[in-house]
Amino acid sequence: MTESAGALGVASARALLATRDRELAEADAELAGVVASAHACAAEAIRKLDAVRAEIDAAVAARTITAPSEGREFARFLLAKQQEISDILTTARADADAKVAVLQQLLGRYRAPSTSP
């Protein structure tokens with residue numbers, strides 16, 4: 001009878017470990033997706049910021065401001081670019097905050113042992 005009880009204990013432990021292994025594999029897959037998505041969002045924000053920088057650099061190189069009206073026009077251009085930069089950063093920050101929430105949830109899944117039989 002002791003062998004039977006021991007075999008049941010081993011089988012139960014194996015089942016628990018298999019369940020935990022599946023749970024961790026699912027969490028790993030989700031983690032990989034979140035990290036890939038975060039990287040893609042960051043790369044896109046950097047690409048957009050680089051494009052804005054290139055527009056500003058081109059505008060600076062092409063302009064010779066000789067009248068106050070030209071200065072005001074250029075100031076409006078720069079303010080528009082500042083707003084564009086702010087929008088890019090706001091979007092990137094919101095995405096990062098969403099990713100943090102998912103990662104915090106995942107952390108709990110990695111810490112919590114399976115309670116399933």
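Things worth noting here:
- Mean accessible surface per residue for the chain, computed with a 1.4 Å probe while every protein chain stays in place, in Å²: 72
- Nonpolar atom fraction for the chain, defined as the carbon and sulfur part of the 1.4 Å probe accessible area, stands at 63 percent.
- Over the chain, DSSP H runs of length four or greater, each weighted -39,500 (n - 2.57), average out per residue to a 222 nm ellipticity of -33500 deg cm²/dmol.
- Computed with a 1.4 Å probe over protein heavy atoms only, the accessible area of Ser12 comes to about 60 Å².
- Modelled FRET efficiency - R0 35 Å, Leu8 with Arg111, Cβ distances, 0.05 increments: 0.80
- Our estimate of slack between Ala29 and Ala62, defined as 0.36 nm per intervening residue step minus the Cα-Cα distance, is 6.9 nm.
- Helix 68-111 and the longest principal axis of the C-alpha atoms of the chain enclose an angle of approximately 0°.
- Normalising the average separation of contacting C-alpha pairs (under 8 angstrom, six or more residues apart) by the number of residues puts the relative contact order of the chain at 55 percent.
- Measuring only protein heavy atoms, the 1.4 Å probe finds Ile65 accessible over about 90 Å².
- Computed from the C-beta positions of Arg20 and Arg93, the FRET efficiency with R₀ = 35 Å rounds to 0.50.
- Cα-based radius of gyration for segment 27-117, normalised by 2.2 N^0.38 Å, reads 1.75.
The values are calculated or read from the model by the stated rules, or taken from the named source; none is laboratory data. Note that the coordinates shown come from a computational prediction; the quantities given were computed from them, not determined experimentally. Note: ideal-geometry Cβ built from the backbone for every residue, glycine included; neighbour counts use all protein chains shown. Heavy atoms of the whole protein, side chains included, go into the accessibility calculation; ligands, DNA and RNA do not. Shrake-Rupley method; radii C 1.70, N 1.55, O 1.52, S 1.80 Å.
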